[in-house]
Amino acid sequence: MGKFEDTLLVVLAYLSSVYINQLATLHHARLDPLTELLNRQTFEQKVVQIMAGAGFNQPRGGQPERAWFLAMIDIDHFKSVNDTYGHVIGDEVILMVAQLLKQNFRAEDYVFRYGGEEFATLFQCVSDTAAMQALERLREVVSAHRFPQVGRVTVSLGFVEVRDFCQVTSLVNRADMALYESKHQGRNRVTAFSALNVPESQLDDSDIELF
């Protein structure tokens, strides 16, 4: 092999390593560093794609068409976990809840760490009823799990069907309203936005502060 071929191989190897490093950087930029779930920035991009009509899987033969749903998921009484056991244990609880979320959704669904102790998921179901059943199963899995030192941890959930809303914040606001209702009704429960009687004037309000 001549000098030119040797130089060409070195250049190709260098370019390949640069390309691989760029792919790795892009991949990690999409992830939350603690849980390795998709992060909030990726969440907003994915919602826009879905609202634009992208990301739908074709129904299999004989199966009904599915719709996308957004669920917001919040760990109940998380502040008391941090106050009682410290932030290291609090992070462990967040990490374990994240793992339960990943295990209980399909590979074609998307699970995000939205911020702090709050998560979001985009998933497909044939109806509100089916979405409620899927989220109830998740709620029960978390409630039945035993967390080291902390013991029992529960989550509250609110969900809404993804439709052609104008803004991501409008969709999240609806899911947050349902989540707030779950908190208001005692936590450790699932609420569908479709079950709420929300005046039209409240649908574009800014973020709701959860307690």
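The values are calculated or read from the model by the stated rules, or taken from the named source; none is laboratory data. Since the structure is predicted, the reported quantities are computational estimates derived from the model, not experimental observations. Please note: Cβ atoms are built from the backbone with ideal geometry, for glycine as well, and neighbour counts cover all protein chains shown. SASA here: full protein model, heavy atoms, side chains in, ligands and nucleic acids out. Shrake-Rupley method; radii C 1.70, N 1.55, O 1.52, S 1.80 Å.
Rank these residues by their accessible area, most exposed first, probe 1.4 Å: THR129, THR42.
Numbers: THR129 90, THR42 10 Å².
Putting THR129, THR42 in descending order of accessible area: THR129, THR42.
Roll a 1.4 angstrom probe over the protein heavy atoms and tell me the percent of accessible area of region 65-180 that is carbon or sulfur. Spell out each step's value before the answer.
Values: 2440 of 4990 Å².
Carbon and sulfur: 49 percent of the exposed surface of region 65-180.
Top to bottom by accessible area (1.4 Å), largest first, where do ARG40, ARG174 land?
Numbers: ARG40 90, ARG174 20 Å².
Sorted descending by solvent-accessible area, the residues read ARG40, ARG174.
Below 14 angstrom from the Cβ of GLN149, what's the summed charge of the other residues (Lys, Arg +1; Asp, Glu -1)? Working shown, then result.
Working: positive: ARG146, ARG152; negative: ASP83, ASP91, GLU92.
After counting each charged neighbour, the total is -1.
To the nearest 0.05, what FRET efficiency results for HIS77 and VAL168 with a Förster distance of 25 Å applied to their C-beta separation?
On the way: r = 28 Å, r/R0 = 1.12.
E between HIS77 and VAL168, to the nearest 0.05, is 0.35.
For HIS145, tell me the accessible area in Å² from a 1.4 Å probe, rounded to the nearest 10.
It works out to around 60 Å².
With all protein chains present, calculate the accessible area of ASP128 using a 1.4 Å probe and round the result to the nearest 10 Å².
50
Quick one: length gained pulling LEU95 to ALA130 fully straight, 0.36 nm per residue minus the C-alpha distance?
9.9 nm
Using only the alpha-carbon atoms of region 57-138 as identical scatterers, what base-10 log of I(q)/I(0) does the Debye formula give at q = 0.12 Å⁻¹?
Per q value, in the given order, log10 I(q)/I(0) is -0.42.
Order the peptides 80-86, 151-157 from the highest to the lowest mean number of other Cβ atoms within 10 Å of their residues. Write down the numbers at each step before the final one.
Details: 80-86: 14.3, 151-157: 19.3.
My ranking of the peptides, most packed first, is 151-157, 80-86.
With every protein chain left in place and a probe of 1.4 Å, what is the accessible surface of GLU36, to the nearest 10 Å²?
Near enough 120 Å² of accessible area.
Provide the gained length on full extension for the span GLU65 to ARG137, in nm with one decimal, where the gain is 0.36 nm per separating residue minus the Cα-Cα distance.
Values: separation 72, 0.36 × 72 = 25.92 nm, distance 2.18 nm.
Length difference between fully extended and current span is 23.7 nm.
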